[in-house]
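A.B. asks: Below is a structure I'd like to ask you about.
The values are calculated or read from the model by the stated rules, or taken from the named source; none is laboratory data. Please read all numbers here as calculations on a predicted model, not as lab measurements. Neighbour counts run over all protein chains shown; Cβ positions are idealised from the backbone, glycine included.
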Amino acid sequence: MNQSLIGTVYLVGAGPGDPELLTVKAHRLLQSCDAVVYDSLVPEEVLDLVPDQCVRQFVGKRRGHHSVPQPSTNAVLVELAKRHRHVVRLKGGDPFLFGRGGEEAAHLASQGIPVEVVPGVTSGIAAPAYAGIPVTHRRAGSSVTFVTGHEEIDKRRPSVDWRALASASDGLVIYMGLHNLHRIAEELMAGGLSSQTPAAVIQQGTVEGQRCLKAPLSYIASMAVDQGFRSPSIVLVGEVINHEVPSCAPRPAAVTMPIPF
């Protein structure tokens, strides 16, 4: 491989959706990149920042609709780096928080491709903030856990011990947990959390269409179904929800989700 022809891949966090939450560095890279690889959670308003001549590659993933397997995405990044100087791998939220950015970075490095990580604002903090809910509060405990709820709880060796988390953390921020929320709530209560523990679901945080549902832990899953909540959503569990300050919440941005190229 001729290293003089190899470009750099930037793993860029696109933030939770509101384009104004992009970092300055992410904004600069998007305006100067030669190719961009993006997922389903990147709005068109962010993609509009890239130059007209920029090559665009959609590799969106959502539950039940994995349009591009991860190994194929890895291969796409390597091939684009062989043809372009500046390749932006644009990921919703932060690339190293439940975004498989670590896997992509390791693969690129193993292929001799220079890679740089550009952190982004994660939806687990931004979505609650846009609903006026702080994820930490001095009067609501001293710890918070960020955890994925994506895996099936019934599998033989689950990697998330929900019962242990019930007593190990004062608050939970659960990514991709809406599908399994009924079982997650059951496991948390089996681990010792009160059925009356405050819980919340925030759908489409920071963008137009944002919705927030608050209910006791024992009812949150059924209420989310009854009210038609869907992904992408963030789930919160803990007393911090009682410290909501709606008057401080920013207005969600009006954005449009992308059409695959």
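A.B. asks: For the stretch 178-196, does any single residue satisfy the condition of being surrounded by fewer than 20 Cβ atoms within 10 Å (Cβ to Cβ), free of Cβ contacts under 8 Å to residues at least 12 places away in the same chain and of a type in the set (A, V, I, L, M)?
C.D. replies: Within the stretch 178-196, not a single residue is surrounded by fewer than 20 Cβ atoms within 10 Å (Cβ to Cβ), free of Cβ contacts under 8 Å to residues at least 12 places away in the same chain and of a type in the set (A, V, I, L, M).
A.B. asks: Additional query: Return the residues of the stretch 224-251 that are in a loop (DSSP other than H, G, I, E, B), closer than 30 Å to residue 162 by Cβ and not basic (Lys, Arg); say none if nothing qualifies.
C.D. replies: 227, 228, 229, 231, 232, 244, 245, 249
A.B. asks: Can you tell which of 35, 106 is without any contact (Cβ under 8 Å) to a residue 60 or more places away in the chain and exposed (fewer than 14 other Cβ atoms within 10 Å of the Cβ)?
C.D. replies: Of 35, 106, the one residue that is without any contact (Cβ under 8 Å) to a residue 60 or more places away in the chain and exposed (fewer than 14 other Cβ atoms within 10 Å of the Cβ) is 106.
A.B. asks: Considering only the stretch 208-221, I want to know if a residue exists there that is without any contact (Cβ under 8 Å) to a residue 12 or more places away in the chain, in a loop (DSSP other than H, G, I, E, B) and either assigned by TED's automatic domain parsing to the domain that holds residue 141 or under 17 Å from the mean Cα position of the chain (by Cα) (or both).
C.D. replies: Taking every residue of the stretch 208-221 in turn, none turns out to be without any contact (Cβ under 8 Å) to a residue 12 or more places away in the chain, in a loop (DSSP other than H, G, I, E, B) and either assigned by TED's automatic domain parsing to the domain that holds residue 141 or under 17 Å from the mean Cα position of the chain (by Cα) (or both).
A.B. asks: Taking the criterion of being touching a Pro at 6+ places or on another chain (Cβ under 9 Å), farther than 24 Å from residue 24 by Cβ, outside any strand (DSSP E or B) and among the polar types (S, T, N, Q), would at least one residue in the stretch 104-115 satisfy it?
C.D. replies: no
A.B. asks: Check the stretch 120-130 and report whether any residue there is in a loop (DSSP other than H, G, I, E, B), farther than 28 Å from residue 107 by Cβ and not assigned by TED's automatic domain parsing to the domain that holds residue 12.
C.D. replies: Checked the stretch 120-130: no residue is in a loop (DSSP other than H, G, I, E, B), farther than 28 Å from residue 107 by Cβ and not assigned by TED's automatic domain parsing to the domain that holds residue 12.
A.B. asks: Find the residue count for the stretch 212-247, including only residues that are touching a Gly at 6+ places or on another chain (Cβ under 9 Å) and closer than 18 Å to residue 176 by Cα.
C.D. replies: 8
A.B. asks: Another question about this same structure. Restricting attention to the stretch 1-32, which residues are assigned to a helix (DSSP H, G or I) and under 14 Å from the mean Cα position of the chain (by Cα)?
C.D. replies: 21
A.B. asks: A follow-up question, please. Looking at the stretch 46-80, which of the residues that are within 18 Å of the chain's Cα centre (by Cα) and basic (Lys, Arg) is modelled with the lowest pLDDT?
C.D. replies: 63
A.B. asks: Being within 30 Å of residue 49 (Cβ to Cβ) and of a type outside the set (S, T, N, Q) is true for just one of 230, 163, 183. Which residue is that?
C.D. replies: Among 230, 163, 183, only 230 is within 30 Å of residue 49 (Cβ to Cβ) and of a type outside the set (S, T, N, Q).
A.B. asks: How many residues are out of contact with any Lys or Arg (no Cβ under 8 Å at 6 or more places or on another chain) and within 14 Å of residue 238 (Cα to Cα) if we restrict to the stretch 181-191?
C.D. replies: The total comes to 3.
A.B. asks: For the structure I just gave you, tell me whether residue 35 is at pLDDT 95 or above, under 19 Å from residue 59 (Cα atoms), of a type in the set (A, V, I, L, M) and over 20 Å from the mean Cα position of the chain (by Cα).
C.D. replies: It is true that residue 35 is at pLDDT 95 or above, under 19 Å from residue 59 (Cα atoms), of a type in the set (A, V, I, L, M) and over 20 Å from the mean Cα position of the chain (by Cα).
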